[in-house]
Amino acid sequence: MSQELIDAITEMREDDVVAITNQLLDQGVAPTDILMSCKQAMDVIGKRFEEGDAFIPELILAGEMMTSVTDILKPRMAEEATSDKLGKIVIGTVQGDIHDIAKDIVAFMLDLNGFDVTDLGVDVPPEKFVQTVQETGATIVGLSGFLTLAFDPMKDTVTAFKAAGLDDVKIMIGGGQIDENIRQYTGADAYGRDAMAAVDLAKGWV
Amino acid sequence: MMQPGRTSVIACATVLEEITPLLPEGMTCVELDFGLHLKPANLKQVLQEAIDKASEDADTVLLGYGLCSMAVVGLTATNCTLVVPKVDDCIAIFMGSRQAYSAQSGAEPGTYYLTKGWIEVSDTIWDEYQKLVERHGEPRAQRMMRLMLKNYTRLAYIDTGHRDQDHYRDYARMVADAFQLRYEEVQGSNRMVEKLLKGPWDDEFVVAEPGQTISYADFQTTNRIAGNSFGITPAPSTSQT
Ligand code: B12
């Protein structure tokens, strides 16, 4: 564990994070160890956020820093890892909604846990989800949404998959106050409270 | 028949800003902390407590809230009739109808809305930016805000018809400039507020009779249907002025 890296992340020193990561790699530290430090740092920020001590933009910047670290690590990890991807997932924030912080975190965690993730971004219309699944051959779809206005587009997206004959595609939803009632309303296969739930659901489907 | 003296309004400061000028004489109102909207679970609890308390002296409780991220789902009309506008959040209330809000957000989802009330209670992206500057200095705060708003293209100021708007317009324009958003003004309306206060509570409102609990399905249907999938008994959707 590198306390130096953890501190740089929790103190939001973006440039230092990149420098320290490269330094650690040069010293021969394993990428997985570096990721452990990142996770530790994210836990600290997550806790602060829960306690109302961190602002949303800080959470986003932390996410950005995580991405820059993994971008550095990925080529190295790919060299070592022989593992095939667990499965293909298409994810996006549904039509009319552009909250993407949580969606990014979910996509990131799925990626980290061995899934091949296609992220369609925000305000994604139902047809776009269907089309992308047809193109990529993905078997799992993740729909994110924070506005109650997003529940109908979620429902429409589930319907669009049925209409396209893609009944086998598993659809999970999440974001904000989404619960079992909303899952039923939209007709999705499952809902998840957080990014780990998304990973667990996806693993259960491959 | 609605009696102002036996009716109580519960709203957050932003919506209250629009309610106060139209409040019928004798009707009481309770202001709840605006910050609560960021924590829907807390909001639900505070709302239920406020309803329970208000129903000691009132037969009818009017909520100046929308679904507000499901915070009103699960609320029970303790000893009173509970009336809630059938809208997603307060932005629809400011615009005068659910349709007006849908039209706006459908046309450009990447819109951040501002009203006089939001600016008054200091809960805007500008206020958030100020706090970040204090903590991290200007360049990093700018970078964080830009990341957060990367999908946003427009800042829309909702003109709710107050007389002293210029100050708020200038403020909204300043915020738009600071974050490189296109500034636009959207016509607001007090139609929804007026209807909440004076009726008729037609299918633009959820009306829960004493003992009933509000469900998500109530917000979906134009008319409440008996024995819907959420297991809630319907209330008549007739007007009750
Ligand atoms: C940050 C935020 C914003 C930012 C968004 C920045 C961005 N790039 O996303 C800004 C300030 C720009 C914004 C704008 C608006 N917002 Co906003 N926003 C929020 C806020 C405070 C936090 C949401 C968030 O990102 N949380 C952080 C994440 C990480 O937390 P999390 O939920 O725990 O995340 C986990 C789960 O959700 C889950 N998950 C998420 N997606 C998925 C998907 C799958 C498949 C699975 C399994 C799991 C999963 O995993 C995540 C990671 O662990 C919420 C309030 C709240 N506390 O929820 C309001 C809130 C969602 N916003 C709201 C509103 C009204 C708006 C605006 C309309 C306001 C305005 N004045 O214009 C606009 C328009 C947005 C639009 N058209 O989409 C309302 C929605 C009310 C409603 N209608 O339901 C809320 C609830 C606040 C409120 N009560 O007023 N917002």
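Answer rounded, prolate or oblate for the stretch B:98-187, using the Cα gyration tensor with square roots of eigenvalues a ≥ b ≥ c: rounded when a/c is under 1.5, else prolate when a/b is larger than b/c, else oblate. Oblate, because a/c is 1.5 or more while a/b does not exceed b/c.
Rounded to the nearest 0.05, what FRET efficiency do A:Asp116 and B:Gln130 give with R0 = 56 Å and r taken as the Cβ-Cβ distance? Could you check? Working shown, then result.
Numbers: r = 41 Å, r/R0 = 0.74.
E between A:Asp116 and B:Gln130, to the nearest 0.05, is 0.85.
The radius of gyration of the Cα set in chain B, together with its Dmax, comes out at 18.8, 59 angstrom. In percent, rounded to a whole number, the relative contact order of chain B is 22, using alpha-carbon pairs under 8 Å and six or more apart. Modelled label positions at B:Asp177 and A:Val29, each set 7 Å beyond Cα in the direction of Cβ, lie 4.5 nm from each other. Taking a Cβ cut-off of under 10 Å around A:Ala107, the surrounding Lys, Arg, Asp and Glu residues balance to a net charge of -3, with basic ones at +1 and acidic ones at -1.
Write out the GluC sites (Glu not before Pro) in the stretch B:13-62 meeting two conditions: DSSP loop, and at most 12 other Cβ atoms within 10 Å of their Cβ. The partial results should precede the final answer.
Details: sites: B:Glu17, B:Glu18, B:Glu25, B:Glu31, B:Glu49, B:Glu56; in loops: B:Glu25, B:Glu56.
Hits after loop and neighbour filter: B:Glu25, B:Glu56.
The GNM of chain B, with springs linking C-alpha atoms under 10 angstrom apart, assigns the highest mean-square fluctuation among B:Leu132, B:Leu16, B:Leu114 to B:Leu132.
Please compute the contact order of chain A in relative form: average sequence separation of alpha-carbon pairs under 8 Å and at least six residues apart, divided by the residue count, as a percent. Display every interim value, and only then the final one.
Numbers: 301 pairs, mean separation 34.2, N = 206.
Computed over chain A, the figure is 17 percent.
Residues whose amide H lies under 5 Å from that of B:Val186, counting only those 5 or more places away or on a different chain, are B:Tyr157, B:Ile158, B:Asp159; hydrogens are built 1.01 Å from N in the peptide plane. Neighbours of B:Val72 by Cβ distance under 12 Å: Lys/Arg scored +1, Asp/Glu scored -1, total -1. For chain A, a Gaussian network of Cα nodes joined below 10 Å ranks A:Gly52, A:Gly63, A:Gly145 by mean-square fluctuation, and the top entry is A:Gly52. Taking amide H as placed 1.01 Å from N in the peptide plane, B:Cys29 has its amide H under 5 Å from the amide H of B:Val9, each at least 5 places away in sequence or on another chain. Net charge near B:Gly96: determine it from the other residues with C-beta under 12 Å of the C-beta of B:Gly96, scoring Lys and Arg +1 and Asp and Glu -1. After counting each charged neighbour, the total is -1.
The stretch B:1-133 gives an Rg/Rh value of 0.99, both radii derived from C-alpha positions and Rh following Kirkwood. Beyond 21 Å in Cα-Cα separation lie the following of the pairs B:Lys44/B:Lys86; A:Lys85/A:Lys170; B:Lys53/B:Lys195; A:Lys128/A:Lys155; A:Lys85/A:Lys203: B:Lys53/B:Lys195. Annotation: for a label point projected 7 angstrom from Cα along Cα→Cβ of B:Arg191, residues of the stretch B:75-118 with backbone N closer than 18 Å are B:85-107.
How big is Rg to Rh over the stretch A:87-205, alpha-carbon atoms, Rh as the Kirkwood inverse-mean-distance radius? Each step should come with its number before you reach the end.
Working: Rg = 12.2 Å, Rh = 13.5 Å.
Taking Rg over the Kirkwood Rh, I get 0.91.
Looking at the protein assembly as shown, send over the antiparallel percent of its DSSP beta bridges, to the nearest 5.
The answer is about 10 percent antiparallel.
On full extension, the segment bounded by B:Asp59 and B:Thr78 gains 5.8 nm, given 0.36 nm per residue less the C-alpha separation. Once you have all Cα-Cα distances for the protein assembly as shown, histogram them in 10 Å bins from zero and send the whole-percent values. Percent of Cα pairs in each bin: 4, 19, 27, 25, 16, 7, 2, 0. Along chain B, the longest continuous region that contains none of the trypsin sites (Lys or Arg not before Pro) in a DSSP loop with at most 16 other C-beta atoms within 10 Å is B:1-149. At R0 = 30 Å, how high is the FRET efficiency between B:Lys150 and B:Asp33 if r is their beta carbon distance? Nearest 0.05 is fine. Using R0 = 30 Å, I get an efficiency of 0.50.
Averaged over the residues of B:140-149, the number of partner chain Cβ atoms lying within 10 Å of the residue Cβ comes to 5. Derived scalar couplings between HN and Hα for the stretch B:166-180 equal 3, 4, 6, 4, 4, 4, 4, 5, 4, 5, 4, 4, 4, 10, 6 Hz in order, rounded to whole Hz, by the Karplus curve 6.51 cos²θ - 1.76 cosθ + 1.60 (θ = phi - 60°), x for Gly and Pro. The label-point distance for A:Glu135 and B:Gln48, in a model that sets each label 7 Å from Cα toward Cβ, rounds to 4.7 nm. Comparing mean-square fluctuations of A:Gln27, A:Gln184, A:Gln131 from a GNM of chain A with C-alpha springs under 10 Å, the top value falls on A:Gln27.
Return the calculated 222 nm mean residue ellipticity for chain A, to the nearest 500 deg cm²/dmol, obtained by summing -39500 (n - 2.57) across DSSP H runs with n ≥ 4 and dividing by the residue count. So the calculated ellipticity at 222 nm is -18500 deg cm²/dmol.
Modelled this way, with points 7 Å down the Cα-to-C-beta line, the labels at A:Ala164 and A:Asn22 are 4.1 nm from one another.
Amide H contacts of A:Tyr191: A:Ile173, each under 5 Å away and 5 or more positions distant or on a separate chain (H built 1.01 Å from N in the peptide plane; Pro and chain starts excluded).
Determine the dipole magnitude for the stretch A:79-206: charges of +1 sit on the beta-carbon of Lys and Arg, -1 on that of Asp and Glu, nothing else is charged, the reference point is the Cα centre, and the result goes in debye to the nearest 20. Working shown, then result.
Numbers: 10 positive and 21 negative charges, 65 e Å.
Approximately 320 debye in magnitude.
For the stretch A:1-85, trypsin sites (Lys or Arg not before Pro) are listed when DSSP marks them as loop and at most 12 other Cβ atoms sit within 10 Å of their Cβ; the list is A:Lys85.
For chain B, the Cβ-based charge dipole about the Cα centre amounts to some 720 debye (Lys, Arg positive; Asp, Glu negative; other atoms uncharged).
A short reminder: the numbers here are calculations on the coordinates, not readings from a lab. Bear in mind that the values here come from a model prediction, so they are computed numbers and not experimental data. Glycine also receives a Cβ, built like all others from the backbone with ideal geometry; neighbour counts cover every protein chain displayed.
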